[in-house]
Structures are given as structure tokens and as C-alpha cells.
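Since every read-out is calculated from the coordinates, none of them should be taken as a lab result. Quick caveat, the model's predicted, so the values are computed rather than measured. We place every Cβ from the backbone using ideal geometry, glycine too, and count neighbours over all the protein chains shown.
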Amino acid sequence: MTAGGRPVLGVIGGSGLYDFEGLEDARRVEVATPFGTPSDAVLTGRIGGLDVAFLPRHGRGHRLTPSKIDYRANIDALKRLGVTDLVSLSACGSFHEDLAPGTFVVVDQFIDRTFARPKTFFGDGIVAHVSMAHPVCRRLVDALVVAAGQGGAAARRGGTYLAMEGPQFSTLAESNLYRAWGCDVIGMTNMPEAKLAREAEICYATVAMVTDYDCWHPHHGHVQVADILAVLRDNAAKGLAMVRRLAEGFGARPSPCPHGCDRVLDAAIITPRAAWDPAATARLSAVMARVAGTGGA
């Protein structure tokens, strides 16, 4: 896939989303990265005239736990395929009565409670500190909310996603603590994914697809995988339909990103260019292709 300066829509499918049927000229591409092996081959194709790249986060067959996903390899692979805008579709638990199973939350904030995952591309030769004050692309969020509404999906704009390590679900004490913090949904996979997308200068947004009430709700008991799977099937179909509607109107998106997602490294790299380690520069050839002039090779 070659973007040629045109937008390329990336989609990361969470639990229940392992394929994207109906893409034009679909083919699977194995992408090698300096950071490891992506979760699976990337399914590339088009919707209308828009290039699309789909990656199942857990791999086809759901082979990878949240802690075993190579998030750096996933984001680097999508960047190498020219992805400019990335939509994360993620199964989540809800902390609010009105965010019932089947509801979509287009989140705008995260609290990162993960601890067993590499969280940056940088270091070991080139240091960067990107801003995460506003961790999602507001342009992409607005477009997703519109696309959801066009299909009649119950979608809320804005919310805080608590990222836990997993793979176990929360204790009741933890669930009540996160509710007290003002969190809206809980999941296991959007961190460090969002941080890495920001470092790679990719516009990023998350659609949290609610499957359950975690374990805080007195009338819904504790989380059961069987119950989640039943909701996942319905959510998956609605999520992919929403992405299709997003893609159909994608040509009208403003460029460059009005919020600077595609230029974040201009103010983030602290190591002077003259001091860049050659090995680090090569490792980051895709992530910082724009500032390094490496073309993503």
C-alpha cells in the first residue's frame, strides 16, 4: 500500500473483531518491524477510493492476551503502510448505568494503569517527550460521532477510559475505586496504543464498545466471558458499519490535522539531531519518517 500523500485509514479490531469483510482488492500483508512481530498480517484494501488497513489486535483466533500484544510492532507496521488516521475498536466495561451494553463511547481521555508493556518508541539514542494532554484526535472523534449517528448507533462523545493490565477482570474494590475517580469505561488494550500512535504522528481515536458493567453493578453480578461474547457479536457488526460510513466521507477531512497530531514530533524530540544515534535513527525510520526524512523505509 502506498499512500502518496493521501489519507490512509487504519482500523485496529479488538475482541470479537478479527476480520473486515467486503474491502475492495483485499489482501493480507506481512509487515516486518524493528520492534517485533505485529499481532497478525495486516488486511489492506479500499472502501470507495480510500485505502484501508485493518489489524486484529489479538490476532485471528484471539491468540494474544492484552499483556502479550506487541503494541510497538502494531503501530510501527501501520505507519509503514502509510496509515494517517487510526480508529481503535475496543470491547470495554461500563462504570455507569446509562452506558449499557451495546453503547459506544468515543472516548477523549485515558488513565493508564498498565505496567508490563513497553510504552515508547524512543530512548537508547533518541529521546522524545510527546504531549498526551489531549490523547485523541478531536477531528477524528467528531467524524466518528457523526458516522455513528448516521447509523442510529447509541454513541456518546467523550469519556475517560481506564486501561488496566489484565488479563483478569477487576476486583469489586478496584471497580468502585475507578468509578470514584470519574472513569466511564474500562479496558485492557488502549494503552500504550494511544501513546505510541501519538509518537508515530498518527491521528488516533477510540470507540469503546460496551459489553458489560464490570463488577460494580449490584444487579448484574460479575463479568462472564459468555455474556460478553453475546454482546460482542452485535457490537462488531455495528462497529464495522460505523467505520464504513466514516470512510465514505473521509475525503472531506481537513488536512493537515488542525490539532497537530501529524506534527507532534516538532516539539517533542529533545536530542539534538547531530547527536542522534544511527542505530536509533534506523529503528525509528517509520515512526519519525517526516522529521528524519527517511520516508518510512
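Taking the helices alone, the chain has a mean residue ellipticity at 222 nm of -7500 deg cm²/dmol, built from -39,500 (n - 2.57) per DSSP H run of at least 4 residues and averaged over all its residues.
Taking 0.36 nm per residue of separation and subtracting the current Cα-Cα distance, fully stretching the chain between residue 37 and residue 63 would add 8.0 nm.
Looking at region 8-290, what % of its DSSP beta bridges pair antiparallel, to the nearest 5? In region 8-290, DSSP labels about 35 percent of beta bridges as antiparallel. Who wins for biggest fluctuation among 194, 230, 241 in a Gaussian network model of the chain, springs between alpha carbons below 10 Å? Comparing 194, 230, 241 in a Gaussian network model of the chain, the most mobile one is 230.
Highest mobility in the GNM of the chain, judged by mean-square fluctuation with C-alpha springs under 10 Å and restricted to 177, 23, 240, is found for 177. As a proxy for reagent exposure, ranking 85, 70 by other Cβ atoms within 10 Å from fewest up yields 70, 85.
Within the chain, helices built from complete DSSP H runs that reach 20 Å or longer along their own axis (Cα positions) and carry a mean Kyte-Doolittle hydropathy of -0.5 or higher are 225-248.
Net charge dipole, region 156-212: roughly 220 debye, given to the nearest 20, about the Cα centre with Cβ charges of +1 for Lys and Arg and -1 for Asp and Glu.
About its Cα centre, the dipole of region 8-290 is roughly 440 debye, where the only charges are +1 on Lys and Arg Cβ and -1 on Asp and Glu Cβ.
For a straight C-alpha distance cut-off of 14 angstrom, the aspartates and glutamates reachable from residue 79 (same-chain residues fewer than eight places away being disregarded) are 30, 51, 193, 199, 201, 262. With N counted as the residues of the chain, its alpha-carbon radius of gyration over 2.2 N^0.38 Å works out to 0.96. If you take every residue apart from residue 172 with its C-beta less than 15 Å away from the C-beta of residue 172, what net charge results, scoring Lys and Arg +1 and Asp and Glu -1? Residues near residue 172 contribute -2 overall. Can you check what the net charge comes to around residue 131, using other residues whose Cβ is under 13 Å from the Cβ of residue 131 (Lys, Arg +1; Asp, Glu -1)? Summing Lys/Arg as +1 and Asp/Glu as -1 gives 0. Within the shell defined by Cβ-Cβ distances under 14 Å, the residues around residue 215 carry a net charge of -3, with Lys and Arg each +1 and Asp and Glu each -1. The GluC sites (Glu not before Pro) of region 22-99 that DSSP puts in a loop, and whose beta carbon has at most 14 other beta carbons within 10 Å, are 30, 97.
Just to be sure I understand: with springs between alpha-carbon atoms less than 10 Å apart, which residue in 173, 282, 163 has the highest mean-square fluctuation in the Gaussian network model of the chain? The residue that fluctuates most here is 173.
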